[in-house]
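The values are calculated or read from the model by the stated rules, or taken from the named source; none is laboratory data. Just so it is clear, the structure is predicted and the values come from calculations on it, not from any experiment. Every residue, glycine as well, gets a Cβ built from its backbone with ideal geometry; the counts of neighbours run over all protein chains shown.
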Amino acid sequence: MGVAANISQPDAATRLRAAQEERARQRRRTRLLLLAPALGIIGIFGLFPLSIALVYSFLEPGTYGGVEWVFSYDAYVQFLFERDIFDDTLAFNSAYLQIFGRSFGLAITTMIGTLILGFPVAYFIAARPPEQRNFWLFAITLPFWTNLLIRTYSMLLIVRDEGFVNLMLMKIGLISEPLEMLYTDGAVLAGLVYSYLPFMILPIYASLEKFDFSLLEAGHDLFATRTQVFRHIIIPITRPGIVAGCVLVLIPALGAYITPELLGGGKKLMIGNLIALQFGSGRNWPFGAAAALILMAIVLIALLVSLRAGASKEGGHG
Amino acid sequence: MIDVRNVTKRFGQGQAAVTALGDVSLTIPEGSFFTLLGPSGCGKTTLLRLIAGFELPTEGEIALDGQSIGHLAPNDRPVNTVFQSYALFPHMSVARNVGFGLEMLKRPKAEIDGTINEMLDLVQLGEFATRRVDQLSGGQQQRVALARALAPRPKVLLLDEPLSALDLKLRKGMQSELKRLQHETGITFVFVTHDQGEALAMSDQIAVMSAGSVRQVGTPEEIYTAPRSRFVADFIGDTNIVNATLLGFDGDAAKIQFGEGTPLAVHTASTSLAPGPVHVALRPETIRVVDESAETALLRGEVVDSTYFGAGSQMLVRLEDGVSVHVQVSTPRPVGSRVGLECDTSMLHVLED
């Protein structure tokens, strides 16, 4: 008995280990198969186009659009420097930086505008009885059912010289001449705020929906004024929603194309228009690709820095 | 001292208005453990919220130490609340929760830190100061809520059914803990509950409420042994309400008669009752079972049920007029037998309705 047990024990242990390894292998295979669709989508629609852009940005422009398969980093040089046509020397050129700066300024202003308008709306919806909230959310998402281009054209009709706003203001006698609103920065800003407002409202609403409103009473009870309750309780608790809303507005606003084109009249180039121009009449695909990648790099770095800052601030509370 | 004078609170307007409190007047003595007791919807929480300032009275006045506070905002009242759901700030550590009130009052940092430590020691949570509140158990969260509300040293601490979310064992522990805290701090506690056992165990004084009005205010003994009305007698503990005839009054005592029995002089809730049929309250544990023929028997009836509950048995005796009476005994009589019931006349109490 004792001998038999001694012999069979290592044998059983080996078999057990083999079976465990086999199961682990199977689990890995299953996991890979289950992940495949997601990885496939990210690869085909995310990484693949991105690598095309990356490769194109290091090639030379073709005469009639497209690219010549010759390696060159001219596109990136062109972003900061102007090459003299005659002697090939480089001179610093801030024109594209200015475009980037203008776009960032506009996008950040849009973000702040949507935040100021969107937060009260989100709060309003979250404070409704649950059965009414879906109606308000529906109302917020309703504009999405209409194409952005059409909505922007409608804005154009409203703010132009013979538009609704000017007609009304003249009718009630506040002004005698139409205000020049179309093709101004203000018109572009208004258009962007209008277009991106739902992207700010929805994430903030999502974080307010779970908000325990008895915390407000607790705050007031503990001697906080309304402002202090807002600053010390509402804002910190809904911060994830606010950050998400800001990111969701800032990034598309940076690359906005239709709104600056229609409402700004394309008078001032924005990043989106600059990039579109390179692939169109500019016939400089590598430069367009490079501009897009530079934009992406800046946004990524800014996001990482702000996330890091947010994380360390959270840790500081502990 | 809190003085609630003729306070009425209505919610809604016009036809749809609901009266949560109707002309309530109360005096809550300073430094006492005062309980508002009643079934749900009786207005006890509304009264608490009026004192806290979360609601404003439709009519009437609330005064704290002689100063009117009825129309001040919650943050202008030296009153703090322990919420039923605790309402701890989820984004702050335990220590910051406790220090929040003092922080808002812009007290010096050293004072705030000192008070936080003192309060956490008081509720025995010293080592949890840096924890996040969602890492604590329900009982611990409860104690953080207490410490947070006590930290600004309010004149009055309001507690809105704070123990209802705890399990039975924890609740018993917190009852004595609250009692201890009240003694140690000397702060007036106003405690809202629907649990009469809790109210009897903890309170210096109890206000029994129903349907938006205060039915009776008194010490737990007074409320238990001398309920004024059927509602109070019914709501506090087990009680029997039997029919009798009021013959008249002899000073403060009422002269009553059970059936055709001998007239008895007993306590009464009111000396302004008209002679005739009245209701008398008697507690099951004060009743003794005797033979039906005994001279001392006040009531007679038939045993219809008997339930063993460990420490004794509870018998249900149906009286001749059909009213059933609960009696606690150590050795029950068999079901179907006829018995007499006696009790000290000092344990009988005539109700006002």
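Say we look at region A:227-241 and pick out the residues that are in contact with a helix residue (DSSP H, G or I) (Cβ under 6 Å, 6 or more places away or on another chain) and surrounded by 19 or more Cβ atoms within 10 Å (Cβ to Cβ); which of these is nearest to the other protein chains (Cβ to nearest Cβ)? The qualifying residue nearest to the other protein chains (Cβ to nearest Cβ) is A:Ile233. Taken over region B:113-132, the residue count meeting the criterion of being closer than 21 Å to B:Pro154 by Cβ and in contact with a strand residue (DSSP E or B) (Cβ under 8 Å, 6 or more places away or on another chain) is 0. Out of curiosity, is B:Pro154 in the same structural domain as B:Gly31 (by the TED database), buried (at least 22 other Cβ atoms within 10 Å of the Cβ) and outside any helix (DSSP H, G or I)? No: the conditions fail for B:Pro154.
For (1) in contact with a strand residue (DSSP E or B) (Cβ under 7 Å, 6 or more places away or on another chain); (2) surrounded by 21 or more Cβ atoms within 10 Å (Cβ to Cβ), each residue gets a yes or a no:
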| site | (1), (2) |
| --- | --- |
| B:Val24 | yes, yes |
| B:Ser32 | yes, no |
| B:Leu37 | yes, yes |
| B:Gly43 | yes, yes |
| B:Asp65 | no, no |
| B:Val94 | no, yes |
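May I ask you to list the residues in region B:72-87 that are assigned to a loop (DSSP other than H, G, I, E, B) and more than 8 Å from chain A (Cβ to nearest Cβ)? Selection gives B:Leu72, B:Arg77, B:Pro78, B:Gln84, B:Tyr86. Scanning region B:184-201 turns up at least one residue that is assigned by the TED database to the domain that holds B:Pro29, buried (at least 17 other Cβ atoms within 10 Å of the Cβ), touching a residue at least 12 places away in the same chain (Cβ under 8 Å) and of a type in the set (Gly, Ala, Ser). One residue alone among B:Thr81, B:Thr58 is buried (at least 17 other Cβ atoms within 10 Å of the Cβ), closer than 30 Å to B:Gly212 by Cα and either at pLDDT 90 or above or β-branched (Val, Ile, Thr) (or both), and that residue is B:Thr81. For region B:107-139, the candidate set comprises residues that are among the hydrophobic types (A, V, I, L, M, F, W, C) and not in a helix (DSSP H, G or I); within that set, the residue that is nearest to B:Asn97 (Cα to Cα) is B:Ala129.
Please identify the pairs in which a residue from region A:204-226 that is more than 9 Å from chain B (Cβ to nearest Cβ) and more than 11 Å from A:Gly241 (Cα to Cα) has its Cβ atom under 8 Å from the Cβ atom of a residue that is of a type outside the set (Ser, Thr, Tyr) and in a loop (DSSP other than H, G, I, E, B), counting only partners at least 6 apart or on another chain. That search, which allows pairs on different chains as well, returns A:Phe213/A:Ala127.
On inspection, B:Gly60 does not qualify as more than 30 Å from B:Gln13 (Cβ to Cβ) and of a type outside the set (Lys, Arg).
Quick grid of which residues meet (1) assigned by TED's automatic domain parsing to the domain that holds A:Val299; (2) more than 30 Å from B:Phe83 (Cα to Cα); (3) outside any helix (DSSP H, G or I); (4) in contact with a Lys or Arg (Cβ under 9 Å, 6 or more places away or on another chain):
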| position | (1), (2), (3), (4) |
| --- | --- |
| A:Tyr194 | yes, yes, no, yes |
| A:Leu197 | yes, yes, no, no |
| A:Ile204 | yes, no, no, no |
| A:Phe211 | yes, no, yes, no |
| A:Gly241 | yes, no, no, no |
| A:Ile251 | yes, yes, no, no |
| A:Thr259 | yes, yes, no, no |
| A:Leu262 | yes, yes, no, no |
